[in-house]
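Participant: The structure follows.
The values are calculated or read from the model by the stated rules, or taken from the named source; none is laboratory data. Bear in mind that the values here come from a model prediction, so they are computed numbers and not experimental data. Positions of Cβ are generated from backbone atoms using ideal geometry, with glycine treated the same way; all protein chains shown enter the neighbour counts. Ligands, DNA and RNA are stripped out before the accessible areas are found, and what is left, the full protein with its side chains, is counted by its heavy atoms. Shrake-Rupley method; radii C 1.70, N 1.55, O 1.52, S 1.80 Å.
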Amino acid sequence: MKKLGSELIFVSWIRRDGTGTVMCGTEWNEKSDSPKVDDMSYVDNEEFTVRCLSLSKQTFIASGFNSFVVKLKCFKQTDKLKALLQKELFKYGFLPLLIVMERMSIIEEFEVCNAIIQVIKDHNNKFDLELPTKLDASAVAEMKIYFMTEFNLSGDTAYYNSQEYANCIQESIKEFYELNK
């Protein structure tokens with residue numbers, strides 16, 4: 001994914017020779033061969049390619065002229081996105097959300113992936129459920145069994161419908177980002 005420097009929290013600069021990192025916020029020395037890291041505002045308008053380093057720690061590697069370990073700034077937008085995803089969960093179910101998460105991970109939109117996981121976990125805690133947070137064969141099987149027992153529908157038909165519901169959710173996410181630029 002692409003992010004501007006102003007959308008990132010800079011944790012450390014990655015040395016070009018691979019010998020380690022320099023923590024951002026440490027004092028900058030004019031004679032140093034490292035970039036200024038005590039005030040990162042000079043890269044606010046620079047575009048970085050951001051790739052996941054650790055989802056559990058929510059850290060990423062942002063690459064531009066220099067490479068940094070970063071975190072994404074938490075905007076109020078994240079809470080609004082989670083509220084939208086919560087509505088989509090109630091409207092379409094968990095499987096379409098997991099399909100969207102899988103699709104978003106392929107294009108490295110990890111902010112959306114993390115929001116989906118949080119929404120499902122919150123839903124599980126609130127309603128004492130154990131909905132899966134990963135799209136795999138057991139998640140699909142669980143959904144198929146549910147549709148067969150509750151609605152007397154073919155699980156395959158429900159799965160194919162889930163693909164279309166996932167398209168609807170993706171469209172909602174796209175509209176959300178267009179409205180909240």
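Participant: So, with +1 on the Cβ of K and R and -1 on the Cβ of D and E, and no other charges, what is the size of the charge dipole of the chain about its Cα centre, to the nearest 20 debye?
Facilitator: I would put it at about 160 debye.
Participant: Let me ask something else. Taking amide H positions as placed in the peptide plane 1.01 Å from N, state which residues far from residue 153 in sequence (5 or more) or on other chains have amide H under 5 Å from it.
Facilitator: Residues meeting the criterion, in which the H sits 1.01 Å from N, are 148.
Participant: Something else: Checking the cross-link filter: which aspartates and glutamates have an alpha carbon closer than 14 Å to that of residue 144, excluding same-chain neighbours under 8 positions apart?
Facilitator: Candidates past the 8-residue exclusion: 136, 156.
Participant: Given 131, 59, 170, which one lies farthest toward the positive end of the charge dipole of the chain, if we put +1 on the Cβ of every Lys and Arg and -1 on the Cβ of every Asp and Glu?
Facilitator: 59
Participant: List the residues whose amide H sits under 5 Å from the amide H of residue 12, counting only those 5 or more places along or on another chain, with H placed 1.01 Å from N in the peptide plane.
Facilitator: Those qualifying (amide H under 5 Å, at least 5 residues apart or on another chain) are 24, 69.
Participant: Within a Cβ distance under 13 Å of residue 150, other residues only, what is the Lys/Arg minus Asp/Glu net charge?
Facilitator: Value of the local net charge: 0.
Participant: Turning to a different aspect of this structure: For the chain, what does the relative contact order come out to in percent, with C-alpha contacts under 8 Å and a separation of six or more?
Facilitator: 18 percent
Participant: Over the chain, average the accessible area per residue using a 1.4 Å probe and give it in Å², no decimals.
Facilitator: The answer is 61 Å² per residue.
Participant: Report, in whole Å, the centroid distance computed from the Cα atoms of the range 46-70 and the range 99-146.
Facilitator: So the two Cα centres are separated by 24 Å.
Participant: Moving to a separate point now. Between beta-carbons, use under 14 Å as the cut-off and find the net charge around residue 71, counting Lys and Arg +1, Asp and Glu -1.
Facilitator: +2
Participant: For the range 122-158, which GluC sites (Glu not before Pro) pass both filters: DSSP loop (anything but H, G, I, E, B) and at most 16 other C-beta atoms within 10 Å?
Facilitator: For GluC sites (Glu not before Pro) across the range 122-158 that sit outside H, G, I, E and B with at most 16 neighbouring Cβ atoms in 10 Å, the list reads 130.
Participant: Something else about it: Listed here are the pairs 80/121; 3/82; 71/91; 2/91; 2/126; 91/121; which of them are more than 28 Å apart at the Cα?
Facilitator: Checking Cα-Cα distances, 71/91; 2/91; 2/126 exceed 28 Å.
Participant: Pop out the carbon and sulfur fraction of the accessible area of the chain as a percent, whole number, probe 1.4 Å.
Facilitator: Roughly 52 percent, rounded to a whole number.
Participant: Right, something else. Rounded to a whole number of µm²/s, how large is the Stokes-Einstein D of the chain at 10 °C and 1.306 mPa s, given Rh as the Kirkwood radius over C-alpha pairs?
Facilitator: Translational D for this selection: 86 µm²/s.
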